[in-house]
Amino acid sequence: MTTLQPILKADDLSKRYEDGVLALDHLNLEVRGGEVYCLLGANGAGKTTTINLFLNFIPPTTGTCFIKGIDVNKDPLEAKKYVAFVSENVMLYGNFTARQNLDFFAKLGGKPNLTKEQYYQVMRRVSLQEKAFEQRVKTYSKGMRQKLGISIAIIKDAAGILLDEPTSGLDPKAAEEFQETLAELKGEGKAILMSTHDIFRAKEIGDRVGIMKEGRLVMERTREELQYEDLVKIYIDYMKSEPLTA
Amino acid sequence: MIGVIYKREILDHLKSAKFLIGFCLTLAIAVAATVINVQDYGRRLQDYRAAQRDLPANKFDIQIFRPPEVLSVLVQGKDRTLGNKASVNYMNIPDRLTGYMSERSTPRPKSLSGFGSVDFAFLVRVVLSLLVIFLAYDAVAEEKQSGTLKLALANALPRSSLLIGKAAAGLTVVLGSLLAAAAVAVLIMMVHPAVDLSGADAARILSLVAASALYLTVFYMLSLLVSAAVKRPATALMVLLQLWIFLVVVYPNLGVSIAENFYKLPTDREMAEKKVAAFAPYGDELKKVQAAYFGGDRSQPTGMRYFELQSLRSRLWNDVDRELSLRLSGQLERARWISILSPAALFNRVVERYARTDIEEYDRFLASVERYWKTKYMDFQVLFYKDLPAYRKAATPPFEHPAEGTSEAWAATAPQIVVLALLALIFFAAASTAFLRKDVR
Ligand SMILES: Nc1ncnc2c1ncn2[C@@H]1O[C@H](COP(=O)(O)OP(=O)(O)O)[C@@H](O)[C@H]1O
Ligand SMILES: [Mg+2]
């Protein structure tokens, strides 16, 4: 049930930072509805830069990001209606309870009239413990915050979801639960772009996997192709190979 | 969207320990300061009334007392320090006021130096402005550091809405604290038996609170600017505390000391010499008339001339005094110009004016004394030589000091208010610019 039109699209995207670092080098990628795209890459490969460009946090040096066909740089507010975001290390308002945080971000996400029960449902869906719903978030562990961050993304019910290393720091059980949630979202037709170091999970969940190195997308494989190839080996080979830039 | 931000920010402030501590401290200081100051006012009012009651029945030497200002309870200003008694006789137009019954004398009538004791004005100028800094320093910097800024701006939320929501909420909390402190202070005043507030006083109190709100807004906007401009909340706090010390403590006093050092006043000795010179042409005649008068010549022309010469001397000396007074005013003006960009100095000037406890009010009172001397008092004393029975029958003409109208006070403080409003606007504009350009990652 993938859509024909890509919901997330990077078109010839480059980013050179003020200090001259070329963090992203002519990236092209597309994520359709019902598709999970995993961006693999070592630290500094340019994954976070890509996501920041999609959110208009930084301007691109060349190229364009599109969300549902909307040019992010031209109409960022309209574009951001259709995308939800989970950051690498979710930090929320510590003095507020989980539900209060959820309520605030739901309203920002354009969902002003949700009930307490609806908030509870979303938090159950990411398997946050019931007793934590009305606890202040400053008492939360990293894994709990990450779950709440994901429920914030879910409640926005946006067509595209950007996740920046969402499983880093999650224990195996939580990571497993996270993967189930992701599968559900995919089933609902969301276009999911997720950056990660975790090759095994990328292989399991990704409909497509791209490997980034020094700002370039050096390889892209579909789930079908990966059935006949060893992703781990490919990845490690790329990591070991010579630097791209002289 | 602004409403959503506003609500969250308000809640966040109300939940924060720093607000609760700051708010309680504010109320505690408001209560303590007002209780102490209102009692002091009550005592001074009693002293004043006792002095009025116990006036010696003397038609020649007249004691004039300046009543304590009721709003000095909120803004003590110079009300306590600049003396409140003038002795009027035809040999002397007072150039300064002394303490009750001359218990305290004020050698330098116009001390420039700024800030008085712990009162409502102190609470606003020092305590609340610090509270503002502590409430606002992390408004942007903290959210940037923790990453919630990113999370919020991943939505269709214009940055301007976020900033306006934050500013509106922060100001609500700050001005709410101000209003609470003002309400407590006014309530304590109203229940004190010595205090009797008129409609005009109420208007002045409202103006005073409005000026306080404006002053705190300046600090809020400055804090917002710094919070949006720096990377980390700790940096913002450090920068703001240093700015605060400079703007509230160093800079206003710097203005005073620069003006005092570079705009010299004549010494007492120079003044005395000037006075001697001013009267020199009449010196010999006065000696002659005096000798005749005390030699037993009590004829009307001699007495009249003796009186005329002495009052002439008073006028000439008064002219010399006025010159000094003009120079003092010049010095004061300079100090004010130097401190024109210190919100604290501007604020102080405005609220002392509204409370009628500034140097201008002291000058107005002295001017009333001089006017009284030159008109009613002298007309009355002349009677002694022209029509003694009428003089004996007549009562001493009453001294009058018309209170300054509220609209005049507003007009006088308009420049300071405008500068404060401009500072607030400029800081907000700069904060907006910094925030719109801010790297939120
Ligand atoms: N604000 C910045 N200024 C300069 N260089 C940056 C900035 N942010 C990231 N970089 C550089 O850009 C490259 C890509 O970084 P990033 O996108 O964060 O990688 P990843 O998320 O894959 O670890 C790195 O070399 C990093 O040092
Ligand atoms: Mg990263």
The range B:356-369, residues that are buried (at least 19 other Cβ atoms within 10 Å of the Cβ), part of a helix (DSSP H, G or I) and of a type in the set (Ser, Thr, Tyr): B:Tyr362
Subset of the range A:20-36 (residues that are within 15 Å of ligand 1 (Cβ to nearest atom) and either in contact (Cβ under 8 Å) with a residue 24 or more places away in the chain or crowded, with 24+ Cβ neighbours inside 10 Å (or both)): A:Leu22, A:Ala23, A:Leu24, A:Asp25, A:His26, A:Leu27, A:Leu29
Residues satisfying the stated conditions in the range A:37-67, i.e. away from chain B (no Cβ under 14 Å), within 15 Å of ligand 1 (Cβ to nearest atom) and β-branched (Val, Ile, Thr): A:Thr61
Residue tally, condition facing chain B (nearest Cβ under 8 Å), crowded, with 18+ Cβ neighbours inside 10 Å and within 16 Å of ligand 1 (Cβ to nearest atom), over the range A:68-99: 3
When residues of the range A:141-150 are limited to those that are buried (at least 24 other Cβ atoms within 10 Å of the Cβ) and within 13 Å of chain B (Cβ to nearest Cβ), the one nearest to A:Lys173 (Cα to Cα): A:Gln146
Unmet requirement for B:Val38, which otherwise passes all of (1) buried (at least 17 other Cβ atoms within 10 Å of the Cβ); (2) away from chain A (no Cβ under 14 Å); (3) in contact with a Leu (Cβ under 8 Å, 6 or more places away or on another chain): (3)
Matching option when the condition is touching a helix residue (DSSP H, G or I) at 6+ places or on another chain (Cβ under 7 Å) and assigned to a loop (DSSP other than H, G, I, E, B), among B:Val31, B:Val38, B:Val75: B:Val75
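Among the candidates B:Ser207, B:Ser198, B:Ser212, single out the residue that is modelled with pLDDT of 95 or more, more than 14 Å from chain A (Cβ to nearest Cβ), surrounded by fewer than 24 Cβ atoms within 10 Å (Cβ to Cβ) and closer than 30 Å to B:Pro68 by Cα.
From the options B:Ser207, B:Ser198, B:Ser212, the qualifying one is B:Ser207.
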Meets criteria (among the charged types (D, E, K, R), away from chain A (no Cβ under 14 Å), under 29 Å from the mean Cα position of the chain (by Cα) and surrounded by fewer than 16 Cβ atoms within 10 Å (Cβ to Cβ)) for B:Arg43: yes
Candidate set: the range B:389-424, residues that are among the small types (Gly, Ala, Ser) and surrounded by 12 or more Cβ atoms within 10 Å (Cβ to Cβ); chosen: the one nearest to B:Leu240 (Cα to Cα): B:Ala424
Any hit, the range A:61-69, residues being on the phi > 0 side of the Ramachandran plot and not small (Gly, Ala, Ser): yes
Pairs with Cβ under 7 Å, 6+ apart, first in the range A:171-196 and closer than 20 Å to A:Val209 by Cβ and away from chain B (no Cβ under 14 Å), second small (Gly, Ala, Ser) and within 16 Å of ligand 1 (Cβ to nearest atom): A:Thr196/A:Ala202
Conditions (1) surrounded by 14 or more Cβ atoms within 10 Å (Cβ to Cβ); (2) touching a residue at least 60 places away in the same chain (Cβ under 8 Å); (3) farther than 18 Å from B:Ala344 by Cβ: number failed by B:Gln300: (1)
Subset of the range B:288-333 [touching a Lys or Arg at 6+ places or on another chain (Cβ under 7 Å) and aromatic (Phe, Trp, Tyr)]: B:Trp317
Listing of helices (runs of 4 or more DSSP H) fully contained in the range B:260-355 that carry 2 or more residues being under 30 Å from B:Trp410 (Cβ atoms) and aromatic (Phe, Trp, Tyr): B:343-355
Residue among B:Ala17, B:Ala50, B:Ala33 that is away from chain A (no Cβ under 14 Å) and surrounded by fewer than 15 Cβ atoms within 10 Å (Cβ to Cβ): B:Ala50
Sole residue being assigned to a helix (DSSP H, G or I), within 16 Å of ligand 2 (Cβ to nearest atom) and crowded, with 16+ Cβ neighbours inside 10 Å, chosen from A:Ala174, A:Ala202: A:Ala202
Boolean, B:Arg327 is over 15 Å from the mean Cα position of the chain (by Cα), surrounded by fewer than 23 Cβ atoms within 10 Å (Cβ to Cβ) and farther than 21 Å from B:Val209 by Cα: yes
Of residues in the range B:425-441 being more than 14 Å from chain A (Cβ to nearest Cβ) and surrounded by fewer than 20 Cβ atoms within 10 Å (Cβ to Cβ), the one nearest to B:Ser160 (Cα to Cα): B:Ser432
So A:Ser127, is it more than 14 Å from chain B (Cβ to nearest Cβ) and within 16 Å of ligand 1 (Cβ to nearest atom): no
A:Gly109 vs. criteria of a type outside the set (Asp, Glu), over 13 Å from the mean Cα position of the chain (by Cα) and within 16 Å of ligand 1 (Cβ to nearest atom): no
Hits in the range A:104-124 (condition: of a type outside the set (Phe, Trp, Tyr) and within 12 Å of another protein chain (Cβ to nearest Cβ)): A:Ala106, A:Lys107, A:Leu108, A:Gly109, A:Gly110, A:Lys111, A:Pro112
Residues located in the range A:81-91, provided they are within 16 Å of ligand 2 (Cβ to nearest atom) and small (Gly, Ala, Ser): A:Ser87
Scan of the range A:108-121 for residues that are surrounded by fewer than 20 Cβ atoms within 10 Å (Cβ to Cβ) and at negative phi, ordered by number: A:Lys111, A:Pro112, A:Asn113, A:Leu114, A:Thr115, A:Lys116, A:Glu117, A:Gln118, A:Tyr120, A:Gln121
Residue that is nearest to the other protein chains (Cβ to nearest Cβ) [pool: residues in the range B:143-195 that are under 23 Å from B:Arg232 (Cβ atoms) and polar (S, T, N, Q)]: B:Ser146
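The values are calculated or read from the model by the stated rules, or taken from the named source; none is laboratory data. The model shown is predicted, which means the values in this text are computed figures rather than measured ones. As a convention, Cβ positions derive from the backbone with ideal geometry for all residues, glycine included, and neighbour counts pool all protein chains shown.
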